[in-house]
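The structure appears right after this line, and notes come after that.
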Amino acid sequence: QVQLVESGGGSVQVGGSLRLSCAVVGFTYTHYCMGWFRQAPGKEREGVGTIASDGTTNYADSVKGRFTISQDSAKNTVTLQMNSLKPEDTAMYYCVVDTEGRAPIAGGCSRWEYNYNSWGQGTQVTVSS
């Protein structure tokens, strides 16, 4: 069973930065998709960005140029570096992994939530103006 544990959330002011980290346990797949989703109260869940096993990334337009997804060499963690934060970035952030091969698409990994079967508990990010 894959387990995901997020950390690094908190409160920052507009323009600040945060780095979210996701520890992945029990993931041994050669080919995979991993990523981050977020959900704010009253809004639809949004795929922030994904990363494939070959390093290909796929970001939502709203975060391009500001957020960066990366993974360590052992593929035990996936990180979301968030810069130039805006109030609109306030949300609960979830780390996700696809272990069933549903997420891979041409050019990387899907940002459709139903392609991901393993979810972390979430970490809150609050950006104040």
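The values are calculated or read from the model by the stated rules, or taken from the named source; none is laboratory data. Values in this document were obtained by computation on a predicted structure and should not be read as measured data. No Cβ is skipped: glycine too gets one built from the backbone with ideal geometry, and neighbour counts run over all protein chains shown. What goes into the accessible areas is simple: the full protein's heavy atoms, side chains included, and nothing from ligands, DNA or RNA. Shrake-Rupley method; radii C 1.70, N 1.55, O 1.52, S 1.80 Å.
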For the stretch 103-129, which positions are free of Cβ contacts under 8 Å to residues at least 24 places away in the same chain and in a loop (DSSP other than H, G, I, E, B)? Ala106, Asn117
Tell me whether the stretch 29-50 contains one or more residues that are open to solvent by 20 Å² or more (accessible area, probe 1.4 Å), more than 26 Å from Ser84 (Cβ to Cβ) and in contact (Cβ under 8 Å) with a residue 40 or more places away in the chain. yes
Evaluate the stretch 83-103: report whether one residue or more is over 15 Å from Gln121 (Cα atoms), within 12 Å of the chain's Cα centre (by Cα) and open to solvent by 50 Å² or more (accessible area, probe 1.4 Å). no
Subset tally (residues that are open to solvent by less than 10 Å² (accessible area, probe 1.4 Å), over 15 Å from Ser17 (Cα atoms) and not in a loop (DSSP other than H, G, I, E, B)) for the stretch 59-82: 1
List the pairs whose first member sits in the stretch 70-83 and is within 22 Å of Arg38 (Cα to Cα) and touching a residue at least 60 places away in the same chain (Cβ under 8 Å), whose second member is of a type in the set (Ser, Thr, Tyr) and outside any strand (DSSP E or B), and whose Cβ atoms are under 7 Å apart, counting only residues at least 6 apart or on separate chains? Met82/Ser17; Asn83/Ser17
